[in-house]
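S.K.: Below is one structure. I have some questions about it.
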Amino acid sequence: MIRLINLTKKYGDKLIINKANISISDASFAVLWGKSGSGKTTVLNLIGGLEKPTEGEIVVNKKNIDKLSEKELVQYRRESVGIIFQDAYLQPQLSISDNIMLPGIFSGLPREKRIKRMSILAEKFGITSELNSLPKEVSGGQAERACIIRAIFLGPNIILADEPTNNLDDSNSKIVLDTLDILRKQMGITIVMSTHDKNAIRYATQIFNISEGVINEIPSEKIATFRNSGENNGS
Amino acid sequence: MKFRARRSLLFVIQEKTMGVRELVKLSHTNISAHRSKTISVILTISIIICIPITIAFVNAGSQNVTIKYSDDENNDQIYLACLYEDGQDVVIKRADKYRGKIVSYKKERYETNKHLNFEPSSLVIFDNFDEAIGFYLKNDEDEFKYNPKKFHIAEIISDRIGIYEEYKKRDAELIRPVIIISLITSSLIAAFTLAHIISQDSKLFTLYKTLGATNGQIVLIYFLYILELYACIIIISTALSVLLSLMISAIEWNNMSSMLSNAYPNSDKYPPILIGVNYWYPTIVGLTLLSAPVSFLLCIDQFSSKKIALRLKGE
């Protein structure tokens, strides 16, 4: 369970999030819906412990994230969350396999275990033949799948995905969304995804609309209507 | 509490087990990620550092050649005329310690071209330079209970110690200021470059953090990068210095040969190759390596989470 309680985030005088109160259930596919610059990435960064709130609390699995020490935050990032960046952000100088194994390197996982885990995941996600390639040598969809594998490498129970389908064509976008949905259904991982991709809201079990610093959850009975309007409007 | 303690122990173990190989690999990616900046900073600093190294090489080289001529001229012996104002006893004891051979001093025989400002009581002859310099430097006043000011020593016939002192003076006058200027300049260049690279890598820092890297691990990656940079700088600047010293040798060959032949007419002729290594080379290398952490510390504030977050917001 992820809870934002009276959460406010400001950059200087600029108000980004204003007293947000939301709950994201376990194994949910939560979509943060909003225009560019509406604060979606900030919400993900706050849940990921990359930024501190100006006011309010963030409680993830009964842990108050904003009260964790730097060491505890590192441990939280290693064990509880996997983050997927916009535009499949992979380290361009490292091969796909090395990119995937980065969380294992930072957490001190022995090399043999890293390789074994990476091979199993790569096979499962169908990118075995791309493992020795550099990020620039693979397609956008393959790079995005590598990012997903990297995000789940240490077995987190939350994935924070920042517009993962941005710049992907419809077929690759569908592969990525299907993959995230499978992770949610089979492994019980909570997906929190910021997007303005109309395809994404089909997968959503919870939708949060962010506009002018205010976060509103779309009631479950209106999700279907929102899906239709989203598909019609695009954002 | 128990659970927290176990978790923090696990954290410490994991911190320590992040392999050196992986760290080096990650720091090495910085070189390819910032190739043009890295190459230009390596070349610039190498050129700067090669100046003091070349001076040290040429100075040591010319000292070595001069000593060879001088040693040949005097059958490798060093002649020190000396007088202790309070008696001959200390002279004998010190000469014995440094294995010098005492002979009586004959003014009309030895004082041909040097006018001494004291009346020597004896002449001590040494076969070994280190022992002669030990005797000459008078650092054993406590051991022999004498007043160094009353102990007069002058080198005659040979000029091995004269050469040593002359080059020591040159080193102090020339190399020291050049080293100081070179190291300050190169540290600043490295610090500015690193600060620029770090500011460009804000997104990468965030990526590493989201993947579970600690601040310490990120700092270590960039510290290894700057060490790698400085290792390249030392190799390249040494190679450049050897080349420059060879060029100087070639230019000065005839000049130096005739000068030495005139000064030491009885010596064999040695090729005046002006490359030599004395304590200055490891000193310059050591100081250059030490300036790596200095450069790093100059931009350590760039790693602060606040600065990174602000830069990301600015992007």
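The values are calculated or read from the model by the stated rules, or taken from the named source; none is laboratory data. Just so we're clear, the structure is a prediction, and the values are computed from it rather than from any experiment. Using ideal geometry, Cβ is built from the backbone for each residue, glycine included, and neighbour counts are taken over all protein chains shown. The accessibility values were calculated without ligands, DNA or RNA, using every heavy atom of the protein model including side chains. Shrake-Rupley method; radii C 1.70, N 1.55, O 1.52, S 1.80 Å.
S.K.: What accessible area, summed over both chains, is buried at the A-B interface (1.4 Å probe, Å², nearest 100)? Walk me through the numbers before you get to the answer.
M.R.: Values: alone 11480 and 17780 Å², together 26370 Å².
So the buried area, both faces added, is about 2900 Å².
S.K.: Select from segment A:55-89 those chymotrypsin sites (Phe, Trp or Tyr not before Pro) which occupy a DSSP coil region and have at most 10 other Cβ atoms within 10 Å, ordered by residue number.
M.R.: On the way: sites: A:76, A:85, A:89; in loops: A:85, A:89.
Answer in residue order: no site qualifies.
S.K.: Using the Cα centre of chain B as the reference point, and only Cβ charges (+1 on K/R, -1 on D/E), how large is the resulting charge dipole? Debye, rounded to the nearest 20. Don't skip to the end; give the middle numbers.
M.R.: Details: 35 positive and 32 negative charges, 491 e Å.
Using only the charged Cβ atoms, the result is roughly 2360 debye.
S.K.: Now, a different point. For the protein assembly as shown, with only Lys/Arg (+1) and Asp/Glu (-1) charged at the beta-carbon, what is the dipole magnitude about the Cα centre, in debye rounded to 20? It would help to have the intermediate numbers written out before the result.
M.R.: Numbers: 65 positive and 59 negative charges, 517 e Å.
For the protein assembly as shown, the charge dipole is close to 2480 debye.
S.K.: Please identify, among B:225, B:69, B:98, the residue showing maximal mean-square fluctuation in a Gaussian network model of chain B using a 10 angstrom Cα cutoff.
M.R.: Taking springs between Cα atoms under 10 Å, the residue moving most is B:98.
S.K.: For chain A, what does the accessible surface come to per residue with a 1.4 Å probe? Please give it in Å². Intermediate results must be reported in sequence, preceding the final value.
M.R.: On the way: 10050 Å² over 235 residues.
Value returned for chain A: 43 Å² of accessible area per residue.
S.K.: Round to the nearest 0.05 the FRET efficiency obtained for residue B:101 and residue B:219 when R0 = 35 Å and r is the Cβ-Cβ distance. Present the calculation step by step, with values, prior to reporting the outcome.
M.R.: Numbers: r = 61 Å, r/R0 = 1.75.
Given R0 = 35 Å and the Cβ-Cβ separation, E is 0.05.
S.K.: Please state the relative contact order of segment B:53-146 as a whole percent: Cα pairs under 8 Å, 6+ residues apart?
M.R.: Values: 85 pairs, mean separation 32.6, N = 94.
Answer for segment B:53-146 is 35 percent.
S.K.: Which FRET efficiency value, to the nearest 0.05, is calculated for residue B:287 and residue B:199 with the Förster distance at 30 angstrom and r the Cβ-Cβ distance? It would help to have the intermediate numbers written out before the result.
M.R.: Working: r = 28 Å, r/R0 = 0.92.
Efficiency for this residue pair is about 0.60.
S.K.: In a Gaussian network model over chain B where Cα atoms closer than 10 Å are linked, find which of B:238, B:54, B:283 has the largest mean-square fluctuation.
M.R.: Highest fluctuation among the options: B:283.
S.K.: While we're here: Roll a 1.4 angstrom probe over the protein heavy atoms and tell me the percent of accessible area of segment B:231-274 that is carbon or sulfur. List each step's numbers first, then the result.
M.R.: Working: 1840 of 2610 Å².
So the carbon and sulfur contribution to the accessible surface is 70 percent.
S.K.: If you don't mind, another one. Would you work out what percent of the accessible area of segment A:14-154, with all protein chains in place, is carbon or sulfur (probe 1.4 Å)? Show your work: numbers first, answer last.
M.R.: Details: 2790 of 5600 Å².
Exposed carbon and sulfur together represent 50 percent of the surface.
S.K.: Where the centroid of each part is defined by its Cα atoms, how far is segment B:39-71 from segment B:219-268 in Å?
M.R.: Comparing the Cα centres of segment B:39-71 and segment B:219-268, I get a distance of 4 Å.
S.K.: Which residues belonging to segment B:204-219 lose at least 50 Å² of 1.4 Å-probe accessible area when the assembly is complete, relative to their chain isolated?
M.R.: The answer is B:207, B:209, B:210, B:211, B:212.
S.K.: Could you sort the residues of segment A:59-77 by number and keep only those whose accessible area is reduced by 40 Å² or more in the all-protein-chain setting relative to the chain alone, 1.4 Å probe?
M.R.: The answer is A:70, A:71, A:72, A:74, A:75, A:77 - residues whose exposure falls by at least 40 Å² when every protein chain is included.
S.K.: Mind checking which of B:256, B:198, B:241 is farthest towards the positive end of segment B:111-259's charge dipole, using Cβ charges of +1 (Lys, Arg) and -1 (Asp, Glu) about the Cα centre?
M.R.: B:198
S.K.: Nearest-5 percent of antiparallel DSSP beta bridges in segment A:113-235? Walk me through the numbers on the way to the answer.
M.R.: Details: 5 of 10 bridges.
The antiparallel proportion sits near 50 percent.
S.K.: Additional query: In whole angstrom, note down how far apart the Cα centers of segment B:83-98 and segment A:75-125 are.
M.R.: 76
S.K.: So for the pair residue B:43, residue B:139, with labels modelled 7 Å out along Cα→Cβ, what separation do we get in nm?
M.R.: Computed distance between label sites residue B:43 and residue B:139 equals 4.4 nm.
S.K.: Something else now. Treating only the Cβ atoms of Lys and Arg (+1) and Asp and Glu (-1) as charged, compute the dipole magnitude of segment A:159-228 about its Cα centre; round to the nearest 20 debye.
M.R.: Numbers: 7 positive and 10 negative charges, 56 e Å.
Magnitude of the dipole: close to 260 debye.
S.K.: Let me ask something additional. Would you please give the FRET efficiency between residue B:115 and residue B:277, computed as 1/(1 + (r/R0)^6) with r the Cβ-Cβ distance and R0 = 56 Å, to the nearest 0.05?
M.R.: Working: r = 36 Å, r/R0 = 0.65.
Calculated value: 0.95.
S.K.: Could you tell me the center-to-center distance, by alpha carbons, between segment A:1-40 and segment A:162-235 in angstrom?
M.R.: 15
S.K.: What is the extension gain from residue A:187 to residue A:67, computed as 0.36 nm multiplied by their sequence separation minus the C-alpha to C-alpha distance, in nm to one decimal? Display every interim value, and only then the final one.
M.R.: On the way: separation 120, 0.36 × 120 = 43.20 nm, distance 2.82 nm.
Stretched fully, the residue A:187-residue A:67 segment lengthens by 40.4 nm.
S.K.: Would you calculate the volume per residue, in Å³, of the smallest convex hull containing every Cα atom of segment A:127-235?
M.R.: Values: hull volume 13.5 nm³, N = 109.
In segment A:127-235, the Cα hull volume divided by residue count equals 124 Å³.
S.K.: Which residues, if any, in segment A:103-118 have at least 50 Å² less accessible area in the whole protein complex than in the isolated chain, probe 1.4 Å?
M.R.: A:105, A:106
S.K.: How much area per residue is accessible in chain B when the probe is 1.4 Å and only protein heavy atoms are counted (Å²)?
M.R.: Working: 16310 Å² over 315 residues.
Dividing the accessible area of chain B by its residue count gives 52 Å².
S.K.: Report the extension gain between residue B:269 and residue B:169 in nm, rounded to one decimal, defined as 0.36 nm multiplied by the number of residues separating them, less their alpha carbon distance. Write down the numbers at each step before the final one.
M.R.: Values: separation 100, 0.36 × 100 = 36.00 nm, distance 2.61 nm.
Net length gain for the segment: 33.4 nm.
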